[in-house]
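A.B. asks: Got a structure for you, questions after.
The values are calculated or read from the model by the stated rules, or taken from the named source; none is laboratory data. It should be emphasised that the depicted structure is a prediction, and the values quoted were computed from it without experimental measurement. Ideal geometry is used to build each Cβ from the backbone, glycine not excepted, and the neighbour counts take in all protein chains shown. The protein model used for the area step is the full one, side chains on, heavy atoms only, and it has no ligands, DNA or RNA in it. Shrake-Rupley method; radii C 1.70, N 1.55, O 1.52, S 1.80 Å.
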Amino acid sequence: MLALQGSTMGTTYSVQVTGPLPPPAGAEHDPEALQRRIDALLEQINAMMSTYRPDSELSRFNAAATTDWFAVSPELAQVVATAQSISRASDGAFDVTVGPLVNLWGFGPELDTDLPPSQARIDATLARTGYQLLEVRQAPPALRKAHADVYVDLSAIAKGYGVDRVAALLTELGYDNALVEIGGELRGQGVRGPARPWRIAVERPQADGPRRVFRVVQLRNLGMATSGDYRNFFELDGVNYSHTIDPATGRPVHHQLASVTVLAEQCMLADAWATALLVLGPERGLERAESLGLAALLIERQGEALSAQSTPAFDRLAPQ
């Protein structure tokens, strides 16, 4: 097995490749050269989609004080178009303009000590958010804001897109059996070994204690992503505030749904839909997943216990 790892998108990545490896046809099959190819690809994605780099395409679009069309790369337009389609299909539960609200609640790069924010501040921030305030076209590729202060953050979809791109690169180079992971989002291609599929644990959603397995999923040419409320939150006056913000209310989600795992052919879709279903909550999330044929596992808190509901599509792809 060939194992590579590194840093990207403010997190880490890992790649595992198993035999049979392609015959050496050049330097791209050298492990160090392969890592350079992967790092270069991820660097290109960061240069397009990072909000932490002021010179990235996305940061320049966010900083542009204009409502005119802003030319971007085809890749950035593709990701934004996918995000917008999921926003429409989820009735706005997924929204890449929600970043200012995330920052307002203290989960962004700038710490806000005035927490929780007042309703007046929430309302003022809501006025500059909403996926309807963002337009995208793909020929020629460009983005446009309805208001100059609209801010786009692709952190809930870009990692999945990066997984897809790295997996495609490996396939192009002849590596048919691989597991690609970026910040917990994954894609398994081929098999780990003879009659041994890639087996991935869905974590038990709990904030304290050692990490435990809730369910094991076999990934066969699938992407997988999990969103949860149990790792990134703060507590104030006995109330837990999740980092997942409901774009409709401008407030952290407040329901008993602890985590959502989604399987999809594209990890980008799994990444975004896991967030959307978590925002929708246990009832609406399950209903929307079933109506759209999504493969989703929803784990809900019931007092001290946990209960899980899965869609028929999930059970077909990941039978117990």
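A.B. asks: Looking at Glu172 and the list (1) under 20 Å from the mean Cα position of the chain (by Cα); (2) modelled with pLDDT of 90 or more, which single condition is not satisfied?
C.D. replies: Of (1) under 20 Å from the mean Cα position of the chain (by Cα); (2) modelled with pLDDT of 90 or more, only one is false for Glu172: (1).
A.B. asks: I'd like to know if the stretch 94-116 contains one or more residues that are open to solvent by less than 20 Å² (accessible area, probe 1.4 Å), of a type in the set (S, T, N, Q) and modelled with pLDDT of 90 or more.
C.D. replies: yes
A.B. asks: Does Asp271 qualify as being among the acidic types (Asp, Glu) and either open to solvent by 10 Å² or more (accessible area, probe 1.4 Å) or not in a helix (DSSP H, G or I) (or both)? If you could, list the steps in order and put the result at the bottom.
C.D. replies: Details: among the acidic types (Asp, Glu): yes; either open to solvent by 10 Å² or more (accessible area, probe 1.4 Å) or not in a helix (DSSP H, G or I) (or both): no.
So Asp271 fails the test.
A.B. asks: Output yes when any residue across the stretch 294-301 is on the phi > 0 side of the Ramachandran plot and not in a strand (DSSP E or B), and no when none is.
C.D. replies: Of the residues in the stretch 294-301, the ones on the phi > 0 side of the Ramachandran plot are none.
Within the stretch 294-301 (the criterion being on the phi > 0 side of the Ramachandran plot and not in a strand (DSSP E or B)), the answer is no, since none of the residues qualifies.
A.B. asks: In addition: Are any residues in the stretch 293-320 farther than 17 Å from Met224 by Cα and of a type in the set (D, E, K, R), and if so, which ones?
C.D. replies: Of everything in the stretch 293-320, those that are farther than 17 Å from Met224 by Cα and of a type in the set (D, E, K, R) turn out to be Glu300, Arg301, Glu304.
A.B. asks: From the list Ala148, Ala124, exactly one residue is free of Cβ contacts under 8 Å to residues at least 12 places away in the same chain and not in a strand (DSSP E or B). Which is it?
C.D. replies: The unique qualifying residue is Ala124.
A.B. asks: For the structure I just gave you, tell me whether Ala296 is of a type outside the set (Asp, Glu) and under 21 Å from Phe214 (Cα atoms). Outline the logic, then answer.
C.D. replies: On the way: of a type outside the set (Asp, Glu): yes; under 21 Å from Phe214 (Cα atoms): yes.
So Ala296 fits the description; yes.
A.B. asks: Sort out which residues of the stretch 165-196 are open to solvent by 30 Å² or more (accessible area, probe 1.4 Å), outside any loop (DSSP other than H, G, I, E, B) and within 22 Å of Arg37 (Cα to Cα), and write them in order of number.
C.D. replies: Selection gives Arg165, Ala168, Thr171, Glu172, Glu181, Arg187.
A.B. asks: Name the residues in the stretch 155-175 that are touching a residue at least 40 places away in the same chain (Cβ under 8 Å) and charged (D, E, K, R), would you?
C.D. replies: Correct list: Lys159, Asp164, Arg165.
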